[in-house]
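Laboratory data are not the source of any read-out in this text; all were calculated from the coordinates shown. In this text, all values refer to a predicted model and were calculated from it rather than measured experimentally. All Cβ positions, glycine included, derive from the backbone under ideal geometry; neighbour counts span all protein chains shown.
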Amino acid sequence: MKVQQMDKPVITKITGDSQADSQTDWKRVDALKDEDIDYSDVPELGASFWETAKVLDHGAKKPITIRIDQDVITWFKSRGGRYQVLMNKVLRSYMENLDKHEQAR
């Protein structure tokens, strides 16, 4: 991943286990006021966005223990960030597409 150099440090909040290894100054983040945040690179969301927006809530996650091949875990972790969330998305996509395929029969 390429790191962009800027005048001000970039503040990125990371959740999960990687937060312990974070170099982010969380006290500075917590002290920020809304007017101090630069939103210039965030596009405005017009009415058309909200007309088609959906709230997705699949309910609470259930912690489980599962055995996964090491190369599979390594691959998901290499994608960066929250690999368990990505694994859940992949499994959900598989499940939903399999359901569609079975209903089409």
*If you place +1 on the Cβ of every Lys and Arg and -1 on the Cβ of every Asp and Glu, how big does the dipole about the Cα centre of the stretch 27-97 come out, in debye to the nearest 20?*
660 debye
*Around ASP99: net Lys/Arg minus Asp/Glu count, Cβ-Cβ under 13 Å*: +1
*Mind checking which aspartates and glutamates have their Cα closer than 20 Å to the Cα of LYS54? Skip sequence neighbours fewer than 8 apart in that chain.*
GLU44, GLU96
